[in-house]
Amino acid sequence: MADQDIWFSGPVSDAITLVGQRNCVFLVYIHDDSEKTQTLNATLKDEHVVAAIKEHSVALSMEKSSENAIMFGQFYPIQTVPIVYFIKQGTIRDFGIETMSSEEVVEKLIQVNGIVTPQPSPVSAQVSEQSATNAPPPVNVPASTLPISEPSSIPPVSVPSSIPNAQSSSNTEETKAKKEELQKQLENLRKERAERDKQDAKEREIKRRQEAKVLQEAKQDRVDKENKKYFDQIKKERLEDEAHRKKVREQIAKDRAEKIAQRNAEKQRSPEINVASSAEFSTSNANHDYSNLNIRQLDGTNIRSKFEASTTLSTVREWINQNRTDDRRKPFKLSSQFPNRLFTEQDDDTTLTNLNLCPSATIIMKPIKKSSSIISSGQRLGGESSSSTTEPTIKKRNPYATRVNTLEEEDEDEKRPTYNGNSVNHE
């Protein structure tokens, strides 16, 4: 806040009354707590500004959110905050914001205060009445050259009617001299302000260039650091990928060598394992006295029976012929699944132990397709003897043979020679 001595501390109504009595400028300052207000406060603390405010105005300070400021805003628009209004005779003559300099404040006060000629005091009124005929033409005197005092404090003065005209002329000359002096001071203030503004503009430009240079260097430094970080990351990832690929290649080579060594070792001990397993299996089978057989018939049903381990396969076949529940007329052949094996006539005299059907196994009955040789012999494998009737031999066609149709009949003695469907007879 600016110097407290220049601000009116009483009610607003008393300030307005005092302005009317002194016929001076009513300076109203609307402020808040922003940085702009601090800048304007510093301007108003200037000693020249303080002296000019005390001399030419009644100053009133108002907080933006105060009741007085709100009431003031109803009569005069508050465009921005902070702001200083220069009011004369109830009219806003000028205003200023935080960019206003001290010289501008003094200049505005003088200009606004000199807009209207001050009202004549009681002394000057009596003098003008008595010397109206001898007085020179009236001269507008700025309010700054007159002493500031309240009319109520001026004692009544009686002026004789014989005041010489020389006194009026001397007052006029003195007023002119003071006015010229004030104009010279104002001109000097303007020149100083112009030089100061020029110097400030130069310093601001230098400062702006320095800040721009520092900002550009900082920006370039940041870009360089980011690029370096990016390239270091890429280099690190490449090294990690290369190390990973090398590790994978080494692992592949190691696994390959292990597999080769394992395969060679298996090849070396596979004969021994086969011999040992066969001997063990034969020994285990030899230890069993019975074999539980599950016979799966041609229609998918099962029949079960228990045989001695020394029973031959032919005995099992005869038992099947006697106890089968499917169609007895269909011939069949026997096979096993584990291991997968088809039994022939040579296995009929082999025991169940030697056929690895102990202690339990599953025998599958498979149908036998009819053949001309079998039918002509009148015998069926694993079944009863059939009738002596013979059936004609069925000629099977090769499904992969290529058949070429010709215009001649198939039963002709001589067939036309062809190659790939084209005739080779050039006669």
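The values are calculated or read from the model by the stated rules, or taken from the named source; none is laboratory data. Given the structure is predicted, the values throughout are model-derived calculations rather than measurements. Cβ placement follows ideal geometry from the backbone for every residue including glycine, while neighbour counts extend to all protein chains displayed. These area figures cover heavy atoms from the full protein model, side chains too; ligands, DNA and RNA do not enter into them. Shrake-Rupley method; radii C 1.70, N 1.55, O 1.52, S 1.80 Å.
Taking the alpha-carbon distance from LYS259 and a cut-off under 25 Å, which lysines remain once sequence neighbours fewer than 8 residues away in the same chain are dropped?
Straight-line reach from LYS259, under 25 Å: LYS246, LYS247, LYS267.
What's the FRET efficiency of ASP347 with LYS267 using the Cβ-Cβ distance as r and R₀ = 22 Å, to the nearest 0.05?
On the way: r = 32 Å, r/R0 = 1.44.
Efficiency, rounded to the nearest 0.05: 0.10.
Taking 0.36 nm per intervening residue step and subtracting the Cα-Cα distance, what contour gain separates ARG329 from ASN292 on full extension? Could the numbers behind the result be given before it?
On the way: separation 37, 0.36 × 37 = 13.32 nm, distance 2.61 nm.
Answer, rounded to one decimal: 10.7 nm.
Would you kindly state how much longer the chain becomes between ALA218 and GLU195 on full extension, computed as 0.36 nm times their sequence separation minus their alpha carbon distance, in nm to one decimal? Display every interim value, and only then the final one.
Working: separation 23, 0.36 × 23 = 8.28 nm, distance 3.45 nm.
That pair, ALA218 and GLU195, stretches by 4.8 nm at full extension.
Measure out, as a whole number of angstrom, how far apart the alpha-carbon centroids of the stretch 204-276 and the stretch 1-79 sit.
74 Å
In the structure displayed, which of LYS213/LYS235; LYS202/LYS225; LYS45/LYS178; LYS178/LYS198; LYS184/LYS207 lie more than 28 Å apart, Cα to Cα? Before the final figure, lay out the partial values.
Details: LYS213/LYS235 33 Å; LYS202/LYS225 35 Å; LYS45/LYS178 26 Å; LYS178/LYS198 30 Å; LYS184/LYS207 34 Å.
Distance filter (> 28 Å) returns LYS213/LYS235; LYS202/LYS225; LYS178/LYS198; LYS184/LYS207.
For GLU173 and LYS54, what is the calculated FRET efficiency with R₀ set at 25 Å and r taken between the beta-carbons, to the nearest 0.05? Could you put the intermediate results ahead of the total?
Working: r = 28 Å, r/R0 = 1.10.
That pair, GLU173 with LYS54, gives E of 0.35.
Find how much the distance from ASN321 to GLN251 grows on full extension, using 0.36 nm per residue of separation minus their present alpha carbon separation; answer in nm with one decimal. Numbers along the way, then the final one.
Values: separation 70, 0.36 × 70 = 25.20 nm, distance 6.26 nm.
Separation in residues times 0.36 nm, less the Cα-Cα distance, equals 18.9 nm.
May I ask for the net charge around LEU313, where only other residues with Cβ less than 14 Å from the Cβ of LEU313 are counted and Lys, Arg are +1 while Asp, Glu are -1? Walk me through the intermediate numbers first.
On the way: positive: ARG317, LYS333, ARG341; negative: GLU308, GLU318, GLU345, ASP347, ASP348, ASP349.
For residues surrounding LEU313, the net value is -3.
Taking the Cα-to-Cβ direction at GLN233 and at ASP299 and moving 7 Å from each Cα, how far apart do the two end points lie in nm?
Distance between label points: 7.9 nm.
As a test question: what accessible area, to the nearest 10 Å², does GLU181 have when a 1.4 Å probe is rolled over all protein chains in place?
100 Å²
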